[in-house]
1. Is it the case that region 257-274 has a residue that's among the aromatic types (Phe, Trp, Tyr), over 27 Å from the mean Cα position of the chain (by Cα) and more than 15 Å from Ala327 (Cα to Cα)?
2. Hey, Ile259 hits all of (1) of a type outside the set (Gly, Ala, Ser); (2) open to solvent by 30 Å² or more (accessible area, probe 1.4 Å); (3) free of Cβ contacts under 8 Å to residues at least 60 places away in the same chain; (4) within 30 Å of Gln135 (Cβ to Cβ) but one; which does it fall short on?
3. Just one of (1) in contact with a Pro (Cβ under 9 Å, 6 or more places away or on another chain); (2) assigned to a helix (DSSP H, G or I); (3) not charged (D, E, K, R) trips up Ile199, so point out which.
4. What are the pairs with Cβ atoms under 9 angstrom where one residue, in region 178-199, is closer than 24 Å to Pro166 by Cα and the other, located anywhere, is open to solvent by 90 Å² or more (accessible area, probe 1.4 Å)? Sequence gap at least six, or different chains.
5. Six or more apart or on different chains, Cβ atoms under 6 Å: show the pairs whose first residue is in region 155-175 and of a type outside the set (A, V, I, L, M, F, W, C) and whose second is open to solvent by 40 Å² or more (accessible area, probe 1.4 Å).
6. Restricting region 282-317 to residues that are surrounded by fewer than 22 Cβ atoms within 10 Å (Cβ to Cβ) and among the hydroxyl-bearing types (Ser, Thr, Tyr), which is nearest to the chain's Cα centre (by Cα)?
7. Output yes when any residue across region 221-242 is of a type outside the set (Ser, Thr, Tyr), closer than 26 Å to Pro166 by Cα and without any contact (Cβ under 8 Å) to a residue 12 or more places away in the chain, and no when none is.
8. Among what's in region 179-200 and is of a type outside the set (Phe, Trp, Tyr) and under 14 Å from the mean Cα position of the chain (by Cα), pick the residue that is surrounded by the fewest Cβ atoms within 10 Å (Cβ to Cβ).
Amino acid sequence: MKSKKVLRKKQALAAAAGLALVLLAGCGSNASNSNQASTAPIDTQNSAKKLNVVTTFYPMYEFSKQVAGDHADVIALIPPGAEPHDWEPSAKDMGMVKEADIFVYNGIVEGWVDKALESAANDNRVVVEASKGIQLMEGLPEEEEGGEHHGEADEAVLDPHVWLDPVLAEQEVASIQAAFEQADPANKEDYKKNAEAYIAKLKELDEAYQSGLRDVKHRDFVTQHAAFGYLAKEYGIIQVPIAGLSPEQEPSPDEMAEIIKFAKANQVKTIFFETLADPKVAETVANEIGAKTDVLNPIEGLTDEDKKNNLDYIGIMKSNLEALKQALNE
């Protein structure tokens, strides 16, 4: 009897010990799970914290948004319908520039940027001038504001409209990608993947322009705003602008006479104007030579009509291509 009692006691002790091990193991597992649960929300919050990206005008916004994907809130300072050549930031805009994690601008168009960045200083902000590293073309000489000359010759300025050449747009996207990777290296692979996907679309756009403009009947096109120099150079066509780089610049009577003479001599049947500027100069030339007018969009901002039709940079560039093909084959 005694030996049976001893045996039962040993069995009870063994069972208790086994149960204790099971409970300890369970507690250990729960402790591990508890640690994971306590750190997971922090990691999630960190990964979900979006970059604050401030851009100047529409192309910079669109390129940045495409690179950012879900990792950033991207805004454009210059509102739809505003002409970026003349726009100036408000105090509220300056506050947004100061608070930005990344600030993206094209260069040349935004004459206010240097002073804004100096006034709204932020040592942690990553700034990217998207056109930096691109060989810029000289635009037509332009008169100073009010038509007054300050010097013996008109002042030549650099042409900022690089975004209208799909090949140069690829370079701008790559510059923006580098800025995102610098600001947020943890998501570097996503930015790389997003940029590559968008650049692939730009390459398709480039191919469409190459094939669409290769065999056109005429090479010259007349436009109110000298915004298409890079595009013309890329695809072997010739821009004949009525006015200079600023859409608000109006030609002199002599310049108007020269354009009309050229258009008649070359049997130009379409005079292009843009969406954000007054088309009266283009209409005057068109009426003089019996031509029609059409839109060639410099994509400096989306109009209400563009948004209504769900158009973006790629869509508008395709519309520009169709307009050019039609005009150059007339």
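The values are calculated or read from the model by the stated rules, or taken from the named source; none is laboratory data. Values in this document were obtained by computation on a predicted structure and should not be read as measured data. As a convention, Cβ positions derive from the backbone with ideal geometry for all residues, glycine included, and neighbour counts pool all protein chains shown. For accessibility, only protein heavy atoms count, side chains too; no ligands or nucleic acids. Shrake-Rupley method; radii C 1.70, N 1.55, O 1.52, S 1.80 Å.
1. Let us first name the residues in region 257-274 that are among the aromatic types (Phe, Trp, Tyr), namely 262, 272-273.
Then drop every residue that is not over 27 Å from the mean Cα position of the chain (by Cα), which leaves 262.
Subsequent filtering for residues that are more than 15 Å from Ala327 (Cα to Cα) retains 262.
Yes, there is a match, as at least one residue in region 257-274 is among the aromatic types (Phe, Trp, Tyr), over 27 Å from the mean Cα position of the chain (by Cα) and more than 15 Å from Ala327 (Cα to Cα).
2. It is condition (2) that Ile259 fails.
3. (1)
4. Going by the 9 Å Cβ cut-off, the qualifying pairs are Phe180/Lys188; Glu181/Lys188; Asp190/Asp70.
5. Asp159/Met137; Pro160/Ile108; Asp165/Glu234
6. Per the criteria, the residue is Thr303.
7. Yes - at least one qualifying residue is present in region 221-242.
8. Pass one, region 179-200, residues of a type outside the set (Phe, Trp, Tyr): 179, 181-190, 192-197, 199-200.
In the following step, the residues that additionally are under 14 Å from the mean Cα position of the chain (by Cα) were identified as 179, 194-195, 199.
Working: Ala179: 22, Asn194: 21, Ala195: 24, Ile199: 19.
Of everything passing the filter in region 179-200, Ile199 is surrounded by the fewest Cβ atoms within 10 Å (Cβ to Cβ).
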